Amino acid sequence: MPTVGDVVTRTKRLLNSNTRTELDAIHTMLPTATTSTIRLKYQTDGIRAGSYISVGSGTTNPETMYVHARNGEYATVQRAVDGSTAPTTLGSGSDESWQADTTIEVEPRFTEHQIYEAVRDAIRGLPANLYGVSTISPSVSSTSDKAINYDFSSTGFLHVLQALRTPRTDTDRWPRVNVKVYKNSNTTDFASGYAIVVQESLEKAVTLQITYAHPLVVGTLNLDTDLVDTVKMSAQMQDIPSLGAAANLLMGEESLRLDSHAAGTSRIDAAVSPGDRARYSLVLQAQYDRRISQESRRLMAEYGVRMDGAISSGFPTSVRL
């Protein structure tokens, strides 16, 4: 499944185009977050006093470092600059210390930390007409109170998209069932403050299949966070955050439009006209807006259009909020 790290990689491709960043690698593991001397595996010439380097493994949160001095295969650096953090643990995961052979990007056009932050901002900033979809399957007795208590705290809740019940006979399809959602219910009885109430008579105990819309789950956005299973984005949405992140980064970089040090010695100042980056940013923004519209229409086609939902683009079912 696609992860936040996959979106970072996709965004990097949009930003770098055909330019290439000089690379090196860590020769010996950095055991602590304060280790300030790095042994370089390939002794790349571009790493010198005054350089910025970006260190990233694809799983540990990326770090930006400033090079104070260079002595052969060793570089003295300032850790965790530009708002990044230095990993501190010897285990695995988003805070694992930098291991031998971890890639170093030398004076990249955008550090991996910058891209990672822009991607997280883009995911958190997706508009409300893009939402997650989840399904619950509560059981309801025909003889007991038909108010259902379900805790929506892990995902949040916008509105019900579809409510079905087990068929009356083995040969029937799952028919729709009328339910109503009451907000601001007593949280002692209804954990999230939502009570789902069946609005019709049932001839027997049934299992419901309630599909509901909810905000995207963006509380944790580590590099290995699964966009589908954790964030609840549909697989079709995964290209949208990369377009938004790239557009925002490029717009902010227009003041550095020439960037000849990253483009290579064959590229002169006149090769990039004033405003080129801003125009490319607007192209990316237009593509971002187009993909938002496409995905919104796909959700409407799948679930219908509802006029009384919690957000402007709701969906008609027999449910009323």
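Any read-out appearing in this document is the output of simple, stated calculations on the displayed coordinates, not a laboratory observation. Please read these numbers as outputs of a predicted model, since none were measured by experiment. When we count neighbours, we look across all protein chains shown, and the Cβ atoms used for this are built from the backbone with ideal geometry, even at glycine.
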Could you compute the FRET efficiency for Ser141 and Met1, with r as their C-beta to C-beta distance and R0 at 35 Å, rounded to 0.05? 0.45
Set of lysines near Lys41 by C-alpha distance (under 30 Å), chain-local residues within fewer than 8 positions excluded: Lys12
Between Thr59 and Ala286, what is the FRET efficiency for a Förster distance of 25 Å, r being their Cβ-Cβ separation, to the nearest 0.05? 0.15
FRET efficiency for Tyr74 and Met251 from the Cβ-Cβ distance with R0 = 51 Å, rounded to 0.05, comes out at 0.85
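What ranking do Phe152, Phe157 get, fewest neighbouring Cβ atoms within 10 angstrom at the top?
Lowest count first: Phe152, Phe157.
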Sequence neighbours fewer than 8 away in the same chain don't count; with that in mind, list the lysines whose C-alpha is under 26 Å from Lys146. Lys180, Lys183, Lys204
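Could you tell me which of rounded, prolate or oblate describes region 132-214, using a ≥ b ≥ c as the square roots of the eigenvalues of the alpha-carbon gyration tensor, with rounded for a/c under 1.5 and, failing that, prolate when a/b is larger than b/c and oblate otherwise?
Working: a/c = 2.40, a/b = 1.46, b/c = 1.65.
Note, shape of region 132-214 comes out oblate.
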I want to check the label-to-label distance for Thr85 and Val228. Put each point 7 Å from Cα in the C-beta direction and report it in nm to one decimal. 2.9
Applied in sequence order to region 26-36, the curve 6.51 cos²θ - 1.76 cosθ + 1.60 (Karplus, θ = phi - 60°) yields integer Hz couplings, x standing for Gly and Pro, of 6, 7, 10, 3, 8, x, 9, 6, 9, 4, 10
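Starting from the eigenvalues of the Cα gyration tensor, five times each then square-rooted, give me the equivalent ellipsoid semi-axes of region 92-238, largest first, whole Å.
Working: eigenvalues 364, 51, 40 Å².
Gyration-tensor ellipsoid for region 92-238: 43, 16, 14 Å.
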Residue-span extension gain [Asn149 to Ser293] - 0.36 nm each, minus C-alpha spacing: 48.4 nm
